[in-house]
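Bear in mind these aren't lab numbers, they're just calculated from the coordinates by the rules spelled out. What you see is a predicted model; the values in this text were computed from it and never measured. Quick reminder, even Gly has a Cβ in these numbers, built from the backbone with ideal geometry, and neighbours come from all protein chains shown.
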Amino acid sequence: MLQGLAPLYAEQTRLLILGSFPGVASLEKQQYYGHSRNHFWKICAKLLTTDPEPVMSLDYASRCDWLLTHGIGLWDVYAACERQGSLDSHIRNAQPNDLSLLSVACPQLQAIAHNGGESFKHAKHTQTLGVPVYLLPSSSPANATWSFERKLKAWRDVFMQAGLSVISSP
């Protein structure tokens, strides 16, 4: 049984992004979105700063702090599961995280965004928290049908709907 990562959020978290379960590279590094080809960090850097390069060069702990200062938290819908490889379709015997904790842990929460379809299968649970719930196109490299630019636009729309200050589109 694989164990997921600890949640990353704070009292000032306004948008919580929920993935399904960390991939192999993320588990090995013990980092959210640790695969070098995952678009998550690049999308956030492009949406939240005029110069993404300094953010991308930060170490993981500093990137997490940077994300929290922008009111964004991270977690996964599954706390543990069995899985060969990194594909969501291979998840078996998943044990969900207790998402009901979020209303107390994140009193300023304005929205929840599910990063991909497997995570969004749990929208019925997150909707009970009384905040808007959105589906984001997966930032995973396995989501090759969406270009980076198309993902960026969809994520920008959700960030704006959640009340985050985003950089204007180019």
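Summary of values
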{"read-out": "Sparse-neighbourhood loop sites, trypsin sites (Lys or Arg not before Pro) in region 80-170 - DSSP loop, at most 12 other Cβ within 10 angstrom", "value": "none"}
{"read-out": "For the chain, built as a Gaussian network whose Cα springs stay under 10 Å, the top-fluctuating residue of Leu47, Leu87, Leu68", "value": "Leu87"}
{"read-out": "Alpha-carbon centroid distance for the pair region 109-154 / region 34-95, whole angstrom", "value": "13 Å"}
{"read-out": "Percent RCO, i.e. relative contact order, over region 2-161, from Cα pairs under 8 Å lying at least 6 residues apart", "value": "31 percent"}
{"read-out": "Semi-axis lengths, Å, region 68-113, gyration tensor of Cα atoms, sqrt of 5 times eigenvalues", "value": "26, 13, 7"}
{"read-out": "Region 84-146: equivalent-ellipsoid semi-axes (sqrt of 5 x gyration tensor eigenvalues, Cα, Å)", "value": "24, 15, 9"}
{"read-out": "Contour excess over end-to-end distance, with Cα ends at Asp51 and Leu135 and 0.36 nm allotted per residue", "value": "27.6 nm"}
{"read-out": "Directionally averaged shadow of region 2-161, computed from the convex hull of its alpha-carbon atoms, nm²", "value": "8.5 nm²"}
{"read-out": "Rounded to 5, the percent of DSSP beta bridges in the chain classed as antiparallel", "value": "30 percent"}
{"read-out": "Straight-distance crosslink candidates among lysines, where the alpha carbon sits under 22 Å from Lys42 and sequence neighbours closer than 8 are dropped", "value": "Lys29, Lys151, Lys153"}
{"read-out": "Separation in nanometres of the label points that stand 7 Å from Cα toward Cβ, at Gln110 and Ser89", "value": "3.7 nm"}
{"read-out": "Cleavage-rule hits, trypsin sites (Lys or Arg not before Pro), region 19-79, DSSP coil, Cβ neighbours within 10 Å at most 13", "value": "Arg37"}
{"read-out": "Largest-first principal axis extents, alpha carbons of region 8-97, Å", "value": "41, 28, 19"}
{"read-out": "Additional length obtainable on full extension of the chain from Lys29 to Glu82, 0.36 nm per residue less Cα span", "value": "17.3 nm"}
{"read-out": "Computed lengthening from Leu68 to Lys121, 0.36 nm per intervening residue step minus Cα-Cα distance", "value": "16.5 nm"}
{"read-out": "Fluctuation leader among Asn115, Asn143, Asn93 - the chain, Gaussian network, Cα springs under 10 angstrom", "value": "Asn93"}
